[in-house]
Amino acid sequence: MIRNYIFFLLIFQFCSVTLLAQEDSDFKVTIATSNPSQEINDAEAVVKVQGGTPPYKYKWSQKKTPLDASKATGFIEGREQEVVVTDADGNKVKKTFKVEAKAIAEKVNSRVQPAVDFLESILFWDPFEPLGLYDPVVYTENRPVLIPDFDAKTEQKYTLKSWVAPEGNKIEEGDKIAVVQKGSEKSIPVYAPAAGTLKHVVDEGAVIFNPEDKTDVIEQNADQVAEIKYDSPQPVLHPNGDVKKNSIPFIVIWLILGSIFFTIRLGFINVRGFSHSIELAKGKYDNPDAPGRIRHFEAMTTAVSATVGLGNIAGVAVAVSLGGAGATFWMFIAGFFAMSLKFVECTLGVKYRHINDEGRIFGGPMNYLRYGLEKRNMKGLGKGLAILFAILGVGASFGGGNMIQSNQAFKIVSDQLPFLEGNGFFFGIGFAVLVGIVILGGIQSIAKVTGKVVPFMALVYVLGCLVVIGTNIENIGNAFSAIFNGAFSASAMKGGFIGVLIVGLQRAAFSSEAGVGSAAIAHSASKTKNPIADGYTSLVEPFIDTMVVCTMTALVLIFTGMHEVDGMGGVELTADAFGSVISWFPAVLALAVFLFAFSTMVSWSYYGMRSWTYLFGRSKKSEIIYKVLFLIFVIIGASVSLGAVLSFSDMMILAMSFPNIIGLYIMSSEIRADLKDYLKRLKNGEIFINPKYRNAD
C-alpha cells in the first residue's frame, strides 16, 4: 500500500510540473530594443507579451518607469538592464537585455560607468544603515489623493464637482471617489490610489486650486482632493514599485561634521568675524608691499566665481523639487557652518604657499598637506595626501570645472539662439578662445576678469530674484512658513524628514565647495603678510554662494510654485520660474549661466594648473601644456555628450575633501593659535591699515 501511495505521489508531481511548464510556455515575453540616436542614455525598450492573464505589470530596473508602462526610455547604451513581467495570476517572467552602444560617445560612456558606480559607492555610502541606527525605508501613514494629471503651471481653476464615496468609507485601490471640474468644461474622475479609510479635504463645490491665489501656488500639494489613511504605516514606493529609501551619504556627513567642528573649535568665527571679513574685502587692510599677486577682494571673487554657478541655478531647483520647500532651510544652515571650514583651508593656503624668485606663487592644499604634516613628523602621510589631492584636482578641473560648464553653457545658449543647435564644436572653439585669452595671462588676469564679471552677474541674478520676490511680497510669510514647516514636518511623498534634511545639506555642501580645498589655491595668491586675514576674507564666500544666492533661487521657485513641478531639468525649471513673472528673463538667465560657466572655468583652470604643476613640475612649459589641454577639454565638453565621464570627474571635486579635511583636523590647533595671535595684534593696532582708511578713521 505504501508503495502504491509513493507511486501516486510521483505521478501527481510529474503531472503538476508538466502542467506548470505548459502554463509557463503560454506566457511569453519578448523585448524590442532601439537606439534612436548617437546621444548617450536615450536607449529604448518595449515589452511584448503573449499569453498569461492581463493586466500585466512591468517592473523595470529603471526606478522612474511606472509599473504599468510596457515601454521604457533613457537606458544607458551598452549596459545590461532588466524587466520582470507579472500577469494577473502572479506568473512572472524575467528578461535581461542590452542596447548596443554604437557611437563613440556611447561606448566611452558605457565603459566609464563602472568607475562612476564605484566612486559613487564610496562617496554616497551610508555608514549608518548597516549599524541599524535608523530605518532607511520611507513610511507614510496616509496617502494624499491629488488631481489626476495636474500641472502646477496651469492657468485653469480646479473645483470639486461632486463626491462619489462618503467620508470615512473603507475603499479599495481603483475605486472612484470624486469628480473634479477643470475650468468650465472638462470633468475629471478621481480614483483611489490605494486602499484605506477616505477623508475628504475639500467640500463639494469648493475650489481646490486657483492659479490666481498665491497661497495655492506656494502651498505644497495644493492640488490635494482627499486623503487615504492606511490601516498601518506603508512604505513609499518608486514608480517601478521599489521601496523608497533615504540614505545619509558619507561625503555629506564628512563635509558637514567638518564645518560644525571648526565652527565650535574657533568659537563661531563665522559670526564674530563677519564684520572684519567685510572690511578686508573692501580693502581696509590691503598692503601694496605685501607678498602675493592679487588683492583680498580679487581672491574672494576668484573663489566665488568657481562656486557661484550652475549649482545655484540648476542644483537648487533639483534640491527643492526633490526635498520641497523645507530643503531651503537646511541649505541655509549648512552654508552658515561652511563659512568656518572655508576660513581654515584658506588660511593654511596662504600660510604654506611658496613664492619663487620670479614671484610665481604655488599654494593650496598640496602645500599645507605636505609641509604642514611634515612639521608634525607625518611626512609620509602628508606627501601621500598631497599627491592624492593633486590627482583629484587635475581630474576635477577637466570635468566639473570645465567640460560640465561648457556643456551646460552650450545647451542653455543654444535654447535661446536656435542657429547654434548641432554646432557645439564651433561654440566650443569660440568659448575656448575666450577662456584662453584670460587664462594665458595667469592669476592676475583671471582675478581682474572675475573681479568684474562676478559682481556684475551676481547683481543681475539677484535683481531678477528680487523682482520675482517683490511681485509676491505679500506672500513672504506663506513662503517662509512653507520652508520652516517643510524642514521639520516634511511630506513623506517628498522623502520624509531625513530625506529633506539630506537633500538640503547635500546641495549646500556641493555648492559652496567648503572643505574641498579649491578656494585655498586662489587665496594663496593674495597680497598679505597675515594668512589669518585671508581666512577672514573667505568667510564671505559661502555666505554669498549658499546663504544668499541659493536661498534666493529657492524663494523664486517657491513663490512661483515651481517647487511642485515634476519632470523638468534644473536650469529649465528655474528659467520657467523667472519667465512666469518676467517673460524676457530666461534670455537674461541664459547670459548669466554663460557668465557663470565662463568664470567658473577660468577659476578652475588655475586650480587645476596648480595641481598639475605639483605633480609634473613648476616650469612654465608644464603650465602651458596644462592650459592647452584645458582648452581642448572646453571644446570636447561643448561638442559631445559624455555623461559618465562628466559624472566621474564631477565626483572628483567631492573626493578632494577626503585628503583635505584629514589635514585640516590634524592642523586645527595650529589654526587656533594663529587666530589668537592675529586677534591680539589686531587689537593692539599692529596690523597694517590702508592709508585712505586710516585717514577716514
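A few remarks follow.
- Beta carbons closer than 6 Å, at least 6 apart along the sequence or on distinct chains, pair a first residue in segment 89-106 that is under 20 Å from residue 46 (Cα atoms) with a second that is of a type in the set (Ser, Thr, Tyr) for 92/86; 97/33; 99/33; 101/110.
- Scan segment 439-465 for residues that are surrounded by fewer than 20 Cβ atoms within 10 Å (Cβ to Cβ), modelled with pLDDT of 75 or more and over 27 Å from the mean Cα position of the chain (by Cα) and the total you get is 1.
- Look at segment 545-559: where a residue is in contact (Cβ under 8 Å) with a residue 24 or more places away in the chain and open to solvent by less than 10 Å² (accessible area, probe 1.4 Å) and a partner is not hydrophobic (A, V, I, L, M, F, W, C) and not in a helix (DSSP H, G or I), sitting 6+ places away or on another chain with Cβ atoms under 7 Å, you get 559/472.
- Residue that is surrounded by the most Cβ atoms within 10 Å (Cβ to Cβ) [pool: residues in segment 267-288 that are hydrophobic (A, V, I, L, M, F, W, C) and farther than 22 Å from residue 330 by Cα]: 280
- Any pair with Cβ under 8 angstrom, 6 or more apart, that starts in segment 440-463 at a residue that is closer than 20 Å to residue 355 by Cβ and ends at one that is at pLDDT 75 or above and outside any helix (DSSP H, G or I): 443/361; 443/525; 447/525
- Residue in segment 94-101 that is at pLDDT below 85, among the charged types (D, E, K, R), open to solvent by 60 Å² or more (accessible area, probe 1.4 Å) and over 30 Å from residue 55 (Cβ atoms) present: no
- Conditions (1) open to solvent by less than 60 Å² (accessible area, probe 1.4 Å); (2) modelled with pLDDT under 90; (3) under 30 Å from residue 653 (Cα atoms): number failed by residue 37: (3)
- Residue satisfying all of: in segment 211-237; open to solvent by 50 Å² or more (accessible area, probe 1.4 Å) and part of a loop (DSSP other than H, G, I, E, B); nearest to residue 136 (Cα to Cα) among these: 220
- The single condition among (1) without any contact (Cβ under 8 Å) to a residue 12 or more places away in the chain; (2) part of a helix (DSSP H, G or I) that residue 184 does not meet is (2).
- Odd one out for residue 90 among (1) of a type in the set (Gly, Ala, Ser); (2) over 23 Å from residue 639 (Cα atoms); (3) buried (at least 16 other Cβ atoms within 10 Å of the Cβ): (3)
- Selection status of residue 130, more than 24 Å from the chain's Cα centre (by Cα), under 30 Å from residue 658 (Cα atoms) and free of Cβ contacts under 8 Å to residues at least 12 places away in the same chain: yes
- Filtering segment 633-652 to residues that are within 14 Å of residue 123 (Cα to Cα) and either open to solvent by less than 40 Å² (accessible area, probe 1.4 Å) or outside any helix (DSSP H, G or I) (or both) leaves 649, 651, 652.
- Filtered residue count, segment 401-438, keeping only those that are modelled with pLDDT under 80 and in contact with a Phe, Trp or Tyr (Cβ under 7 Å, 6 or more places away or on another chain): 1
- Of the residues examined, residue 188 is one that is over 30 Å from residue 485 (Cα atoms) and either out of contact with any Gly (no Cβ under 6 Å at 6 or more places or on another chain) or open to solvent by 80 Å² or more (accessible area, probe 1.4 Å) (or both).
- On the stretch given as segment 251-266, residues that are in contact (Cβ under 8 Å) with a residue 60 or more places away in the chain and open to solvent by 60 Å² or more (accessible area, probe 1.4 Å) total 2.
- Residue list for segment 335-392, filter: open to solvent by 50 Å² or more (accessible area, probe 1.4 Å) and outside any helix (DSSP H, G or I): 354, 355, 357, 358, 375, 376, 377, 378
- On the stretch given as segment 113-160, residues that are part of a loop (DSSP other than H, G, I, E, B), small (Gly, Ala, Ser) and surrounded by 14 or more Cβ atoms within 10 Å (Cβ to Cβ) total 1.
- Residues within segment 191-205 that are touching a Leu at 6+ places or on another chain (Cβ under 9 Å) and open to solvent by less than 30 Å² (accessible area, probe 1.4 Å), tallied: 2
- Hits in segment 167-180 (condition: within 28 Å of residue 211 (Cα to Cα) and open to solvent by 30 Å² or more (accessible area, probe 1.4 Å)): 167, 176
- One residue stands out in segment 401-429 among those that are in a helix (DSSP H, G or I), of a type outside the set (A, V, I, L, M, F, W, C) and open to solvent by 30 Å² or more (accessible area, probe 1.4 Å): the one that is farthest from residue 37 (Cα to Cα), namely 416.
- The residue that is modelled with the highest pLDDT, counting only those in segment 639-652 that are over 27 Å from residue 258 (Cα atoms) and out of contact with any Lys or Arg (no Cβ under 9 Å at 6 or more places or on another chain), is 639.
- Within segment 653-697, if we keep just the residues that are hydrophobic (A, V, I, L, M, F, W, C) and assigned to a loop (DSSP other than H, G, I, E, B), the residue that is modelled with the highest pLDDT turns out to be 667.
- In this structure, residue 504 does not satisfy being in a helix (DSSP H, G or I) and either over 26 Å from residue 253 (Cα atoms) or modelled with pLDDT of 80 or more (or both).
The values are calculated or read from the model by the stated rules, or taken from the named source; none is laboratory data. It should be emphasised that the depicted structure is a prediction, and the values quoted were computed from it without experimental measurement. As a convention, Cβ positions derive from the backbone with ideal geometry for all residues, glycine included, and neighbour counts pool all protein chains shown. With ligands, DNA and RNA removed, areas are computed over all heavy atoms of the protein, side chains included. Shrake-Rupley method; radii C 1.70, N 1.55, O 1.52, S 1.80 Å.
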